[in-house]
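Participant: Got a structure for you, written out below as structure tokens; questions coming shortly.
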Amino acid sequence: MPNKLITAANARELLGGISAMTEWRYQRDETLNLPRPVKIRNRNFYREAEILEWINSREVAA
């Protein structure tokens, strides 16, 4: 399912178990280009495919 939404907590787990504060910092660091969350009822959700693609792009860059 390409547009599957996952919670911010699940996204942080995929990103290596980062904290909510680190997620916040990643969002504000334009050089990282982390996908933007989708807001639903003032909660953040991410498209799982975008997060996985971002992780894969970071592995290639490293």
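The values are calculated or read from the model by the stated rules, or taken from the named source; none is laboratory data. Note that the structure is a prediction, hence the values are computed from the model and not measured. Neighbour counts run over all protein chains shown; Cβ positions are idealised from the backbone, glycine included.
Participant: Can you run down the residue pairs with Cβ atoms below 9 Å, 6 or more apart or on separate chains, where the first is in the range 31-51 and more than 14 Å from ALA20 (Cβ to Cβ) and the partner is assigned to a loop (DSSP other than H, G, I, E, B) and modelled with pLDDT under 95?
Facilitator: Matching pairs, first to second residue: ARG47/PRO2; ARG47/ASN3; GLU48/MET1; GLU48/PRO2; GLU48/ASN3; ALA49/MET1; ALA49/PRO2; ALA49/ASN3.
Participant: Quick check, is ILE18 under 20 Å from SER57 (Cα atoms) and touching a residue at least 40 places away in the same chain (Cβ under 8 Å)?
Facilitator: Considered against the rule, which asks whether it is under 20 Å from SER57 (Cα atoms) and touching a residue at least 40 places away in the same chain (Cβ under 8 Å), ILE18 comes out as no.
Condition check ((1) of a type in the set (Gly, Ala, Ser); (2) touching a Ser or Thr at 6+ places or on another chain (Cβ under 6 Å); (3) surrounded by fewer than 13 Cβ atoms within 10 Å (Cβ to Cβ)) across all residues:
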| position | (1), (2), (3) |
| --- | --- |
| ASN3 | no, no, yes |
| ASN10 | no, no, no |
| LEU14 | no, no, no |
| SER19 | yes, no, yes |
| TYR26 | no, no, no |
| ARG36 | no, no, yes |
| ILE40 | no, no, yes |
| ILE51 | no, no, no |
